[in-house]
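For reference, the structure discussed in these notes is given below.
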Amino acid sequence: MHEENKAAANGCGKIRSGAQNGAALLALMEKTGYSMVQQNGQRKFGGPPPGWEGPPPPRGCEVFVGKIPRDMYEDELVPVFERAGKIYELRLMMEFSGKFIGVCVSLDNCRLFIGAIPKDKKKEEILNEMKKVTEGVVDVIVYPNAADKTKNRGFAFVEYESHRAAAMARRRLIPGTFQPWGHTIQVDWADPEKVVDEETMQRVKVLYVRNLMISTTEDKIKAEFNKFKPGVVERVKKLRDYAFVHFFHREDAVAAMSVMNGKCIDGASIEVTLAKPVNKESSWKQHFNGQISPSSENLLGFPNKEDGTQKSLGKPASLSVRLNGQHSPGPPEVERSTYPIFPGIKLTPISMYSLKLSHFSSAVMHLDYFCHKNSWAPPEYCLYSTTSQDGKVLLVYKVLISSIADDSQSYFMPEKLCTTVEDAKELAAQFTLLHL
């Protein structure tokens, strides 16, 4: 880093020579007993500290600190952070913004999303391929195709032993540098799994059932789950190839989960877990800046006031994390301001697909962007209408998604009608995004 730039941060810094900096860091190491090494563009202080016994701290014990002044080093940072508690490890990046710092919980993400995988590849093949080129692979999660259980859905999740291993793998798997099976894959961070506190989970009496056949009916699912104890199921809500089974009592839900997990229904081996409750303001709703209308909330699977259970579990990853690769606590807000075009301003032609997902505020644009990123054909919208009892024309769109790679097609149509074409199209796009 250039010394003359270090004091430019708000005028709050001082220029320190290399010798002074080295002496200060040496004094810090002598005082604390911590070691210091530099690797991969960052300097690591500690990890573990002197006298540490046992494994490293568990996930959730790390925070990310941004916007540190460029002239501040470990000898000044360590005393500040030690006020909060004993430091296990401090990793200092070598480029800083020089503004006031910001602190948030670090997303210790160990899972990558891998897209555009050939749909005929099995879990073992994908696992072996990932192990060939990346280190620290723990597991691969593959979802079967909704219509054909012998194929995958064209994507997988790769779990690594640590966040660092996942980060190094993401760098190694940059599209264009690695082409498994002759295909250019897509690589990004997977949406970190939501953590629900144990007290809340102890009240859940809804089961999430995955890997169902599309042809399997809600009545069939209810009958199968009632077999081990008649009359325990309150209701079943099925969406495409997954469903939520609501029980009258929690103890029956727990017992049914143990009995039914791995059972075969209509030729499909199902997976059964407790459904995770979520806050009403889900991350997907927030990503659209609250623009989902109240009339579409129930349809799109957001929690209801009765039981607070999530209706849209099982999505591969949030679009914000999967498509624009932002490793941040939440999606950025879309700036909706307008600005005048002054004479002489240079305008450059640009493709919408070169923008980040945060530039789009509507589900219609998100869906178009999503299809492009997955090398699918643009979504096709087919408009249907009916007439209400009071004579109003009601509209609904059916959306066709076609895969260019294997000529497969999927149709999506919400179960609610709208009074305007714009609302109908937006609702259909929202519904499709939640079920892809």
Selected residue (only one of Tyr381, Tyr353, Tyr369 is closer than 28 Å to Ile117 by Cβ, modelled with pLDDT of 90 or more and among the aromatic types (Phe, Trp, Tyr)): Tyr381
From the list Ala167, Ala190, pick out the single residue that is within 18 Å of the chain's Cα centre (by Cα), without any contact (Cβ under 8 Å) to a residue 40 or more places away in the chain and open to solvent by less than 70 Å² (accessible area, probe 1.4 Å). Ala167
Quick one: would you say Ser402 is over 25 Å from Lys238 (Cβ atoms) and of a type in the set (Ser, Thr, Tyr)? no
In the stretch 193-227, anything open to solvent by less than 20 Å² (accessible area, probe 1.4 Å) and farther than 29 Å from Ile114 by Cβ is listed as Val204, Val206, Ile221, Phe225
Could you grab me the full set of residues in the stretch 350-372 that are among the aliphatic types (A, V, I, L, M), assigned to a helix (DSSP H, G or I) and loosely packed, with under 15 Cβ neighbours inside 10 Å? Met352
Tally of residues being closer than 22 Å to Lys149 by Cβ and either open to solvent by 50 Å² or more (accessible area, probe 1.4 Å) or free of Cβ contacts under 8 Å to residues at least 24 places away in the same chain (or both) across the stretch 228-255: 3
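The values are calculated or read from the model by the stated rules, or taken from the named source; none is laboratory data. All values derive from a computational prediction rather than experimental measurement. FYI the Cβ positions are ideal-geometry reconstructions off the backbone, even for glycines, and counts take in every protein chain you see. We work out accessible area using only protein heavy atoms, side chains counted, and drop any ligands, DNA or RNA first. Shrake-Rupley method; radii C 1.70, N 1.55, O 1.52, S 1.80 Å.
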